Ligand code: ADP
Ligand code: MG
């Protein structure tokens, strides 16, 4: 079994929950799919805390549990066992529809494939989470326009996804993710479908959003994406095997 290099500030799963401003606190999180011979332990006792304003990457080989962990953090699924506190709320014990409410209010999602509504324009796509959140109709458009302006798309408000480049579509998705002012922005391979120039634009935007105070967690298999974050959590076989400062990018620009 791999030697564990756990971040020294990580709480033991047996410690009392610290009174911190943790955005995400997980202790002993386990997720088992199936039963009997078909049982898969996708997560096996995961412990970590992400504080408000942090910018983290989650890395690890295929099948190591990254997407399962994202689903837990994002309240898309519930753990089999363990403690999960999101912004101080014990979400492991919530049922639907409370889970759906927490998800809508506290999490912003960005996916590799954007997942925009094809027949809705940029403003309408960004307004959608506010409808679920019960934001008054008169406010929705103003807030959507403000979010799109923030991601640099003030001049593309009425374009549908097929009238936008991949990078622009991802920026619409980021505007949609931040418009409800979530506790965390969760991004699963957000640059996986983008070329290197557009990847750079999206990473600049994430850096700006983080600098303005948004907590961000990115799942990525790209070392140069992880290098832009402050902290990298490495997964293997459903466990955190390393957790610490992100490795800096070894850029060829700096070679002699
Ligand atoms: P990663 O995103 O790191 O590739 P996943 O979280 O998707 O890993 O998967 C972790 C493990 O859990 C894998 O062995 C995968 O086959 C298994 N797994 C994921 N989702 C399910 C599911 N819905 N049912 C059964 N097994 C699953
Ligand atoms: Mg995955």
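In the condition set (1) out of contact with any strand residue (DSSP E or B) (no Cβ under 6 Å at 6 or more places or on another chain); (2) under 25 Å from residue 235 (Cα atoms), residue 101 is compliant with all but (2).
Cβ separations smaller than 6 Å between residues 6+ apart or across chains give the following pairs from the stretch 140-151 residues that are over 18 Å from residue 170 (Cβ atoms) to residues that are part of a helix (DSSP H, G or I) and at pLDDT 95 or above: 140/127.
Tallying residues that are within 16 Å of ligand 2 (Cβ to nearest atom), buried (at least 19 other Cβ atoms within 10 Å of the Cβ) and more than 25 Å from residue 131 (Cα to Cα) within the stretch 174-216 yields 2.
The single condition among (1) modelled with pLDDT of 95 or more; (2) in a helix (DSSP H, G or I); (3) within 16 Å of ligand 1 (Cβ to nearest atom) that residue 30 does not satisfy is (2). Return the residue satisfying two criteria in turn: it lies in the stretch 34-66 and is in a helix (DSSP H, G or I) and surrounded by fewer than 16 Cβ atoms within 10 Å (Cβ to Cβ), and of such residues it is nearest to ligand 1 (Cβ to nearest atom). By that ranking, first place goes to 38. Taking the criterion of being at pLDDT below 95 and not in a loop (DSSP other than H, G, I, E, B), the residues of the stretch 111-138 that qualify are 111, 128, 129, 130, 131, 132, 133, 137, 138.
Counting only residues that are assigned to a loop (DSSP other than H, G, I, E, B) and within 14 Å of ligand 2 (Cβ to nearest atom), which one in the stretch 67-89 is farthest from residue 32 (Cα to Cα)?
Among those that are assigned to a loop (DSSP other than H, G, I, E, B) and within 14 Å of ligand 2 (Cβ to nearest atom), it is 74.
The values are calculated or read from the model by the stated rules, or taken from the named source; none is laboratory data. Quick caveat, the model's predicted, so the values are computed rather than measured. Neighbour counts are summed over all protein chains in view; Cβ atoms, including those assigned to glycine, are modelled from backbone coordinates with ideal geometry.
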